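Student: One structure coming up, written as structure tokens, with questions to follow.
The values are calculated or read from the model by the stated rules, or taken from the named source; none is laboratory data. Since this is a predicted model, take the numbers as computed values, not measurements. In this analysis, Cβ positions are derived from the backbone assuming ideal geometry, glycine residues included, and neighbour counts consider all displayed protein chains. For the accessible areas, the whole protein counts, side chains as well, though only heavy atoms, and no ligand, DNA or RNA atoms are used. Shrake-Rupley method; radii C 1.70, N 1.55, O 1.52, S 1.80 Å.
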Amino acid sequence: MSASTLTIKDLHVSIEGKEILKGVNLEVKGGEIHAIMGPNGTGKSTLSAAIMGHPKYEVTSGSISFDGEDVLDMEVDERARVGLFLAMQYPSEISGVTNAEFLRSAINARREEGDEISLMKFIRQMDKQMEFLEMSEDMSQRYLNEGFSGGEKKRNEILQLMMIQPKIAILDEIDSGLDIDALKVVSKGINEMRGEDFGCLIITHYQRLLNYITPDFVHVMMQGRVVKSGGPELAARLESEGYDWIKQELGIEDETVGQEA
Ligand SMILES: Nc1ncnc2c1ncn2[C@@H]1O[C@H](COP(=O)(O)OP(=O)(O)O)[C@@H](O)[C@H]1O
Ligand SMILES: [Mg+2]
């Protein structure tokens, strides 16, 4: 298996006719951890939704490709099958489907017919990863996200990540609402995934997650564009100084795109 590349070029995305993304350029390769930071309402979640093909988000121009293949041409489940993974800021509840059932079908959907994971192997792996993530055993038999606390949802997303083993993951606000212990566990899971075959785009509001996961690249998103890129030191500066210096440096007017969705 060789490393994958997700390439986003001059991406413009509208929601209900209003342009939110105004030309995003970004490339994430296997082996790399990228962080996108930025104020509320600048289009970070819009970017992740567009990558995964949420129907409400209309790509008006630009391109998204995965190992040279046009992602925008793929159905949503196809995007997952080629190796993309999205943890959403607000994961949905699915009543009547247990966490274990959901995970097993998600894994099998990515495999060829006849090559499904055996039940025994699946259970063994799931037990192992749940222990690693310090999750209580009953979580596997609970309905997906139903009544999960904020922290349980995020931990569960990391469990999905570790079980599914995608090539490129986009994690939107995986750290929001977590207490320090949950934050450490979530970081531990992401760090465990680190390796040549895994690339990750971490979208976060706060620098604190990046105390536990050192990104290779940090990008700042403002008003629908990536306006600045750098290394981990950029995140540290944002934490101590906020975003005003970037606005000044780039001569950006203090106009927000809108409210956080
Ligand atoms: N489903 C939606 N319907 C209408 N407007 C939306 C929707 N999702 C996002 N927006 C708008 O798009 C802008 C960017 O939102 P979002 O991408 O969620 O920002 P961020 O994640 O950076 O906080 C905001 O003005 C928000 O109100
Ligand atoms: Mg968001």
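Student: With a 10 Å cut-off between alpha carbons and a GNM built on the chain, which of R111, R142, R81 moves the most?
Tutor: Greatest mean-square fluctuation among the candidates belongs to R111.
Student: Can you tell me which aspartates and glutamates have their Cα less than 13 Å from the Cα of K44? Leave out same-chain residues fewer than eight positions away.
Tutor: Those aspartates and glutamates meeting the cut-off are D172, E173, E260.
Student: Which GluC sites (Glu not before Pro) does the range 1-100 hold that lie in a coil by DSSP with at most 10 other beta carbons within 10 Å?
Tutor: Those that pass, being in a loop and sparsely packed, are E16, E75.
Student: Now, a different point. Given the options L47, L250, L72, which has the most mean-square fluctuation in a GNM of the chain, springs set between C-alpha atoms less than 10 angstrom apart?
Tutor: Top of the fluctuation ranking is L250.
Student: Scan around A35 for amide H atoms under 5 Å from its own, H built in the peptide plane at 1.01 Å from N, and keep only partners 5 or more places away or cross-chain.
Tutor: Result for A35 returns I202, F217, V218, H219.
Student: Taking Cα atoms, how many degrees apart are the long axis of helix 232-241 and the longest axis of the chain, rounded to 10 and kept between 0 and 90?
Tutor: 60
Student: Carbon-plus-sulfur fraction of the accessible area of the chain, 1.4 Å probe, in percent?
Tutor: Of the solvent-accessible surface of the chain, carbon and sulfur hold 46 percent.
Student: Roughly how tilted is helix 150-164, in degrees to the nearest 10 and between 0 and 90, from the longest Cα axis of the chain?
Tutor: Between helix and principal axis, roughly 70 degrees.
Student: Which lysines, if any, have their Cα less than 29 Å from the Cα of K121, not counting same-chain residues under 8 positions apart?
Tutor: K153, K154, K167, K184, K188
Student: If you don't mind, there's one more thing I want to ask. Run through all the Cα pairs of the chain and give the fraction in each 10 Å bin from 0, expressed as whole percent.
Tutor: Using 10 Å bins, I get a P(r) of 7, 30, 37, 21, 5, 1 for the chain.
Student: Rounded to the nearest 500, what is the chain's calculated 222 nm mean residue ellipticity when only DSSP H runs of at least 4 contribute -39500 (n - 2.57) each, over all residues?
Tutor: Here the helix-only value at 222 nm equals -10000 deg cm²/dmol.
Student: What percent do you get for the relative contact order of the chain when only Cα pairs under 8 Å and 6+ apart count?
Tutor: 30
Student: A further question on this structure: As an exercise, find the ratio Rg/Rh for the range 134-261 from alpha-carbon atoms, using the Kirkwood inverse-distance average for Rh.
Tutor: 1.01
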